[in-house]
1. How large is ³J(HN,Hα) for each residue in segment 6-19, as worked out from phi by the Karplus curve 6.51 cos²θ - 1.76 cosθ + 1.60 (θ = phi - 60°), to whole Hz, x for Gly and Pro?
2. Which loop trypsin sites (Lys or Arg not before Pro) in segment 73-146, with loop taken from DSSP, have no more than 13 other Cβ atoms within 10 angstrom of their Cβ?
3. Quick check: the angle from helix 80-90's long axis to the longest principal axis of the chain, C-alpha only, nearest 10 degrees?
4. Kindly provide the helix-only [θ] at 222 nm of the chain, computed as the sum of -39,500 (n - 2.57) over DSSP H runs of four or more divided by all residues, to the nearest 500 deg cm²/dmol?
5. Quick one: Cα centre-to-centre distance for segment 128-146 and segment 24-46, in angstrom?
6. For Rg and Dmax of the Cα atoms in Å, several values are listed as (1) 16.3, 56; (2) 20.8, 69; (3) 15.9, 50; flag the one computed from this structure.
7. How high is the FRET efficiency from Arg71 to Ala94, r the C-beta distance, R0 35 Å, rounded to 0.05?
8. Dipole of the chain (Lys/Arg Cβ +1, Asp/Glu Cβ -1, origin at the Cα centre): which of Leu102, Ser54, Val115 lies farthest to the positive side?
Amino acid sequence: MTEIPPKAPAIAWLYGLAGLSPFAAASVGMFIAEGELQYISQTAMLVYSGLILSFLGGARWGLEIRREPLRGLVISLSMLPTLAAFALLFLPIAPRFQYLGLAAAFLLQWVWDVVSKDSPVWYPALRTVLTLGVTAALVAAAILAQ
């Protein structure tokens with residue numbers, strides 16, 4: 001019989017789900033707004049995505065620096081989400097591809113987070129729900145992008 005992992009702490013769920021609200025708001029803004037407000041919604045989606053992707057890399061860094069000895073490869077790889085976000089925000093590519101690239105980066109980070117043995121046992125379930133929300137918003141943004 002498989003053991004059911006413990007639930008994530010309520011505070012992690014609270015802030016994690018609250019962190020989805022800017023994704024939802026930007027998606028709605030992209031769908032219903034026009035002109036400058038639509039542009040602001042698109043920009044908000046890109047910038048907030050980059051910030052959160054960087055945050056996830058920082059979380060991975062934070063888990064690693066507790067180890068003795070540090071694993072240089074893990075420290076190096078934990079920088080990739082920030083670098084990917086930076087590149088996707090500033091490469092001269094269509095917004096549609098920026099959103100899809102960010103979605104792919106979130107999915108790759110999710111894979112790392114769910115297979116890692118370094119995370120708390122409840123973390124993969126939390127990250128799965130949050131990644132589904134983020135990815136849905138980014139795919140919607142890619143569809144709505146002009």
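Every read-out reported here was derived from the displayed coordinates using simple, explicitly stated rules and does not represent laboratory data. Small disclaimer: the values here were computed from a predicted structure and weren't measured. Quick reminder, even Gly has a Cβ in these numbers, built from the backbone with ideal geometry, and neighbours come from all protein chains shown.
1. x, 6, 5, x, 4, 5, 5, 5, 4, 6, x, 5, 4, x
2. Answer by residue number: Lys117.
3. The two axes meet at around 10 degrees.
4. It lands at -25000 deg cm²/dmol.
5. 13
6. Recomputing Rg and Dmax of the Cα atoms in Å here gives the entry labelled (1).
7. For R0 = 35 Å, the calculated efficiency reads 0.40.
8. Farthest along the dipole direction, towards plus: Val115.
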